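Student: There's a structure below that I have some questions on.
The values are calculated or read from the model by the stated rules, or taken from the named source; none is laboratory data. Quick caveat, the model's predicted, so the values are computed rather than measured. For neighbour counting, all protein chains shown are included, and Cβ atoms are generated from backbone atoms with ideal geometry for every residue, glycine included. We work out accessible area using only protein heavy atoms, side chains counted, and drop any ligands, DNA or RNA first. Shrake-Rupley method; radii C 1.70, N 1.55, O 1.52, S 1.80 Å.
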Amino acid sequence: MNHSDLVSVIITTYNRTPEMFMRALKSVLIQTHSNIEVIVVDDNCKDSPISMTIKKELDLLQDTRIKYLR
């Protein structure tokens, strides 16, 4: 694999605790391959407190490699 190749990582979440989700996300972000995008697919209901907490955590990271889909 060429180091310029984009690697897309999809993380799905459904009723996952924010701590568990962030652990998975951080393990992706610390990889040595730097050309990545992380697509987070949140399958929680619209007003779920878990979803809102995860979204807030992602907003705090301000990482342009992360795409959030609900």
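Student: With a 1.4 Å probe and every protein chain kept in, tell me what percent of the accessible surface of the chain is carbon plus sulfur.
Tutor: Details: 2720 of 4890 Å².
Result for the chain: 56 percent of the exposed heavy-atom area is carbon or sulfur.
Student: Match the structure shown to one of the listed values (i) 41, 18, 17; (ii) 70, 20, 15; (iii) 31, 24, 16 of Cα extents along the principal axes in Å, computed from it, and give that label.
Tutor: This structure yields the entry labelled (i).
Student: Taking the Cα atoms only, what angle lies between the long axis of helix 49-61 and the longest principal axis of the chain, rounded to 10 degrees?
Tutor: 40 degrees
Student: Moving to a separate point now. To test your reading of the geometry: what angle, between 0 and 90 degrees and rounded to tens, separates the Cα axis of helix 18-29 from the longest principal axis of the chain?
Tutor: 10 degrees
Student: Another question, if that's okay. Please tell me the relative contact order of the chain in percent, rounded to the nearest whole number, where contacts are Cα pairs under 8 Å and at least six residues apart. Walk me through the numbers before you get to the answer.
Tutor: Working: 81 pairs, mean separation 27.3, N = 70.
Relative CO of the chain lands at 39 percent.
Student: What number comes out for accessible area per residue over the chain if the probe is 1.4 Å? Units Å², please. Write out the running numbers ahead of the final one.
Tutor: Numbers: 4890 Å² over 70 residues.
Result: 70 Å² of accessible area for each residue.
Student: While we're on this one: Based on DSSP, what percent of beta bridges with both residues in the chain are antiparallel, to the nearest 5? Intermediate values should be presented prior to the final figure.
Tutor: Values: 0 of 11 bridges.
DSSP beta bridges in the chain are roughly 0 percent antiparallel.
Student: Only four residue types carry charge here, +1 at the Cβ of Lys and Arg and -1 at the Cβ of Asp and Glu. Report the dipole size of the chain about the Cα centre in Debye, rounded to the nearest 20. Don't jump to the answer; show the numbers that get you there.
Tutor: On the way: 9 positive and 9 negative charges, 18 e Å.
Dipole magnitude for the chain comes out near 80 debye.
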